[in-house]
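Trainee: The structure's right below; bear with me while I get my questions together.
The values are calculated or read from the model by the stated rules, or taken from the named source; none is laboratory data. The shown structure was predicted, so the numbers you read here are calculated from the model rather than taken from an experiment. Cβ: placed from backbone, ideal geometry, glycine included. Neighbour counts: every protein chain shown. Each accessible area value is taken on the protein alone, full model and side chains, heavy atoms only, with ligands, DNA and RNA left out. Shrake-Rupley method; radii C 1.70, N 1.55, O 1.52, S 1.80 Å.
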Amino acid sequence: MRFGVDTGGTFTDAVGADGAACKVPSTPREPAASVRLALDELGGCDTLAHGTTVATNALLERRLATVALVTNEGFADVIEIARQVRPSLYDPFADRPDPPVPRRLRVEVAGRLAADGTTLRPVDLASLPPLPTEVDAVAVCLLHSDLDPGHEREVGDHLRARGLDVTCSCDVSPEFREYERMLTTVVDAGLRPVCRAYLEQVGSLAPRVFVMTSSGGLVPAGVGAEHPALLTLSGPAGGVRAAAAIAAANGWPDAVSLDMGGTSTDVCLIQGAVPDPAPGREVGGWPLRLPAIDVHTIGAGGGSIARIDPGGALVVGPESAGADPGPACYGRGGRHPTVTDADLVLGRVPDAQGLGGLGKLDRAAALAAIEGAGVTAEGICRVVDVGMEGALRVVSVARGVDPRGLALVAFGGAGPLHAVALAEALDMACVIVPPRAGVLSAVGLLGAPERREVVRSWPHGVSTEGLAAHGERLAAEAVALVGGDPETTSAEVVFDARYVGQGHELIVADVARFHDEHLRRNGFARPDAPIEVVALRARAWRDAPIDVLDLPVPDRPAGLGPCVLAEPDCTIWVPDGWEAVPGEAGALILQRRARPASTVGRGR
């Protein structure tokens with residue numbers, strides 16, 4: 001049996017290859033325990049595809065190991081100087097996050113590479129001072145090691161000979177931009193002790209265990225334990241992949257995914273049935289330079305706590321009641337009003353519905369918590385909806401994409417409760433609720449491919465001589481990392497390109513199509529301006545033996561609004577003026593009743 005298991009802040013979701021699914025409360029103090037409980041509930045497992053929030057939570061909560069940083073002479077403060085970007089342009093009191101390595105733990109070594117990767121001065125290991133005894137791990141990041149890793153290898157081998165746990169930037173993020181590469185390497189080193197212990201526990205639960213990376217592919221658990229910075233978007237990536245497949249099956253290759261869970265909401269633009277990629281993302285204020293699906297996250301979930309702030313305004317989140325004690329209606333000691341409590345009071349969630357084995361929900365407790373805080377259920381839902389509407393605009397309107405031509409794919413335990421309000425606010429075409437919407441991230445994990453990505457800087461700028469040959473070598477390297485038969489392993493090469501003088505890049509499959517992509521993403525192009533390639537990315541993957549569209553389809557109710565459609569893993573709210581009709585692959589299509597049924601499935 002193959003299982004997909006996604007651990008969230010409130011619930012842990014599991015789905016088997018036979019379509020069986022379950023939700024169990026997460027166990028934040030011992031996250032592997034909820035994974036074990038979910039597998040025990042569904043039966044034996046020989047292959048586990050896992051999405052985890054352990055790396056993300058450790059990073060957000062700053063629970064990193066004590067890391068020393070080794071870099072070139074004169075460059076120890078790069079990690080603190082950063083990009084000198086103010087976190088809030090008009091707020092003089094806003095502070096940047098503290099650097100992950102204090103000054104006393106930054107060590108310099110003599111030696112230097114030039115900007116083209118040639119040696120200016122050999123590395124001098126004798127200049128490397130002793131490291132403080134408090135150090136748990138060491139991050140090595142030397143100038144231009146993305147072009148020539150030789151100096152870093154020398155330093156790394158020297159430190160490992162001392163018995164230290166060493167991470168070199170050339171093994172984590174071999175790309176230009178020193179600050180981002182340095183920060184990513186430090187985070188990877190700092191996460192390893194936390195994630196390694198967790199993944200060892202999970203690794204004992206099945207003969208074969210894979211973990212989802214931020215870019216939407218599975219890697220062996222051992223690879224995730226060695227480089228845990230790959231896992232900071234582990235769970236949401238699975239849901240986005242499944243959402244893209246369901247949307248395309250219903251005739252909507254262009255869509256936005258909305259994953260509203262217990263703690264956060266993740267949204268992602270999907271174009272041509274492919275989630276938008278990104279060369280990196282920011283987590284907890286720190287930019288990580290690693291491949292990722294371009295998911296935008298806000299602190300809005302079913303467990304988000306509502307309160308009145310010092311200015312008298314109603315605020316919802318980002319603090320969450322989590323799994324323990326959870327919302328007041330769970331009957332586990334929660335006293336703060338949450339979004340789930342508001343949905344229950346408004347009648348959008350049936351009193352008798354039990355979520356994840358919690359039993360009947362306590363409407364009286366939810367109402368008491370809301371009234372005790374001096375807020376209203378209507379106000380809580382309106383405020384949280386406005387926050388999610390803003391997130392949807394970030395991934396659509398702000399990128400020059402008209403949301404009126406997109407479907408909204410709603411999933412997560414709370415997503416289908418709020419999706420119609422968001423679709424109305426943005427005048428989106430329809431709402432698609434996939435089958436098993438409450439556990440869709442686990443479904444996406446079940447059908448995710450094994451995948452590896454190799455990236456290398458391209459130092460030759462506008463010159464493309466040798467570019468194709470270099471891409472072929474990288475593709476072969478990526479295929480080897482997947483470890484599959486080249487006959488059954490797919491690969492592609494894409495390029496980070498920009499106009500000469502620009503400070504940001506676009507990922508394109510063909511450099512000749514850069515002008516068109518720039519026009520689509522930014523609203524203008526400069527056909528006469530020279531284009532430079534700054535990096536190559538080779539991706540290799542082996543498809544999963546399970547297609548999420550082939551899973552057995554559960555029976556689903558349909559109906560005219562206003563109505564509540566209760567399912568084992570989520571609840572769907574269909575307001576007045578809307579209807580839920582059956583779609584392809586077991587999906588429900590929520591559409592305005594005034595709109596002819598013939599519009600369903602008609603993409604942009």
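Trainee: Taking Val186 as the residue in question, decide whether it is over 24 Å from Pro459 (Cβ atoms), touching a Lys or Arg at 6+ places or on another chain (Cβ under 7 Å) and not polar (S, T, N, Q).
Mentor: Criteria not met by Val186.
To keep it simple, each residue is scored yes or no on (1) in contact with a helix residue (DSSP H, G or I) (Cβ under 8 Å, 6 or more places away or on another chain); (2) at pLDDT 90 or above.
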| position | (1), (2) |
| --- | --- |
| Gly43 | no, no |
| Leu48 | yes, yes |
| Ala58 | yes, no |
| Val70 | yes, yes |
| Arg83 | yes, no |
| Phe93 | no, no |
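Trainee: Follow-up question, since we're still on this one. Scan segment 308-331 and give yes if some residue there is under 26 Å from Arg452 (Cα atoms), at pLDDT 90 or above and open to solvent by 30 Å² or more (accessible area, probe 1.4 Å), otherwise no.
Mentor: No: segment 308-331 contains no residue that is under 26 Å from Arg452 (Cα atoms), at pLDDT 90 or above and open to solvent by 30 Å² or more (accessible area, probe 1.4 Å).
Trainee: For segment 548-586, how many residues are over 15 Å from Ala414 (Cα atoms) and assigned to a strand (DSSP E or B)?
Mentor: Total meeting the criteria: 8.
Trainee: Still on this model: Sort out which residues of segment 204-224 are surrounded by fewer than 22 Cβ atoms within 10 Å (Cβ to Cβ) and assigned to a helix (DSSP H, G or I), and write them in order of number.
Mentor: Correct list: Gly222, Val223.
Trainee: Ala538 is checked against (1) of a type in the set (A, V, I, L, M, F, W, C); (2) under 27 Å from the mean Cα position of the chain (by Cα); (3) open to solvent by 30 Å² or more (accessible area, probe 1.4 Å) and fails just one. What number does that condition carry?
Mentor: Looking at each condition in turn, Ala538 falls short on (3).
Trainee: Follow-up question, since we're still on this one. Give the residues of segment 504-525 that are in a loop (DSSP other than H, G, I, E, B) and either touching a strand residue (DSSP E or B) at 6+ places or on another chain (Cβ under 6 Å) or among the hydrophobic types (A, V, I, L, M, F, W, C) (or both), sorted by residue number.
Mentor: The answer is Glu505, Ala509, Phe524, Ala525.
Trainee: Then there is this: Quick one: in segment 85-120, of everything that is loosely packed, with under 11 Cβ neighbours inside 10 Å and of a type in the set (S, T, N, Q), which residue is nearest to Val155 (Cα to Cα)?
Mentor: Per the criteria, the residue is Thr118.
Trainee: Hey, another quick one. Looking only at segment 4-18, count every residue that is over 20 Å from the mean Cα position of the chain (by Cα) and open to solvent by less than 10 Å² (accessible area, probe 1.4 Å) and tell me the total.
Mentor: 1
Trainee: When only residues in segment 358-376 that are touching a strand residue (DSSP E or B) at 6+ places or on another chain (Cβ under 9 Å) and within 17 Å of Asp324 (Cα to Cα) count, which is most open to solvent (accessible area, probe 1.4 Å)?
Mentor: Leu358
Trainee: Right, here's the next one. Could you tell me which residue of segment 423-439 is nearest to Thr12 (Cα to Cα), considering only residues that are open to solvent by 10 Å² or more (accessible area, probe 1.4 Å) and within 22 Å of the chain's Cα centre (by Cα)?
Mentor: Only one residue tops the list, namely Arg436.
Trainee: Go through segment 478-503 and give me each residue that's under 25 Å from the mean Cα position of the chain (by Cα) and assigned to a helix (DSSP H, G or I).
Mentor: Selection gives Ala478, Val479, Leu481, Val482.
Trainee: Right, next: From the list Leu60, Leu42, Leu37, exactly one residue is hydrophobic (A, V, I, L, M, F, W, C), in contact (Cβ under 8 Å) with a residue 24 or more places away in the chain and over 16 Å from Ala21 (Cα atoms). Which is it?
Mentor: That would be Leu60, the only listed residue that is hydrophobic (A, V, I, L, M, F, W, C), in contact (Cβ under 8 Å) with a residue 24 or more places away in the chain and over 16 Å from Ala21 (Cα atoms).
Trainee: Test Cys195 against the stated conditions and say whether it is in a helix (DSSP H, G or I) and open to solvent by less than 20 Å² (accessible area, probe 1.4 Å).
Mentor: Yes, satisfied.
Residue-by-condition table, conditions (1) within 25 Å of Leu37 (Cβ to Cβ); (2) outside any helix (DSSP H, G or I); (3) modelled with pLDDT of 95 or more:
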{"position": "Ala366", "(1), (2), (3)": "no, no, yes"}
{"position": "Glu378", "(1), (2), (3)": "no, no, yes"}
{"position": "Glu389", "(1), (2), (3)": "no, no, yes"}
{"position": "Leu408", "(1), (2), (3)": "no, yes, yes"}
{"position": "Glu424", "(1), (2), (3)": "no, no, yes"}
{"position": "Leu440", "(1), (2), (3)": "yes, no, yes"}
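Trainee: Would you mind stating whether Arg307 is within 30 Å of Asp547 (Cβ to Cβ), basic (Lys, Arg) and outside any loop (DSSP other than H, G, I, E, B)?
Mentor: no
Trainee: Working only within segment 289-306, note down all residues that are more than 23 Å from Gly262 (Cβ to Cβ) and more than 12 Å from the chain's Cα centre (by Cα).
Mentor: Residue satisfying the conditions is Arg289 alone.
Trainee: Another question, then. Going by what's in this entry, would Ala76 be described as more than 19 Å from Leu290 (Cβ to Cβ), without any contact (Cβ under 8 Å) to a residue 60 or more places away in the chain, open to solvent by less than 60 Å² (accessible area, probe 1.4 Å) and not hydroxyl-bearing (Ser, Thr, Tyr)?
Mentor: So Ala76 fits the description; yes.
Trainee: Also, I was wondering about something else. Determine which member of the set Val482, Val383, Val397, Val420 is at pLDDT 95 or above and either open to solvent by 20 Å² or more (accessible area, probe 1.4 Å) or closer than 30 Å to Asp18 by Cβ (or both).
Mentor: Being at pLDDT 95 or above and either open to solvent by 20 Å² or more (accessible area, probe 1.4 Å) or closer than 30 Å to Asp18 by Cβ (or both) holds for just one of Val482, Val383, Val397, Val420, which is Val383.
Trainee: Let me ask something else. Out of all the residues in segment 263-284, which are open to solvent by 20 Å² or more (accessible area, probe 1.4 Å) and over 22 Å from Phe176 (Cβ atoms)?
Mentor: Listed by number, the residues that qualify are Thr263, Ser264, Gln271, Gly272, Ala273, Val274, Pro275, Gly284.
Trainee: Right, another one. Is there a residue being closer than 21 Å to Ser264 by Cα and touching a residue at least 40 places away in the same chain (Cβ under 8 Å) anywhere in segment 444-465?
Mentor: yes
Trainee: Looking for whichever is in a loop (DSSP other than H, G, I, E, B), open to solvent by less than 20 Å² (accessible area, probe 1.4 Å) and either without any contact (Cβ under 8 Å) to a residue 60 or more places away in the chain or in contact with an Asp or Glu (Cβ under 8 Å, 6 or more places away or on another chain) (or both) here; the options are Leu164, Leu143. Which one fits?
Mentor: The conditions single out Leu143.
Trainee: Just checking: which of the helices (runs of 4 or more DSSP H) contained wholly in segment 15-118 hold 2 or more residues that are farther than 30 Å from Leu445 by Cβ?
Mentor: Ranges flagged: 78-81.
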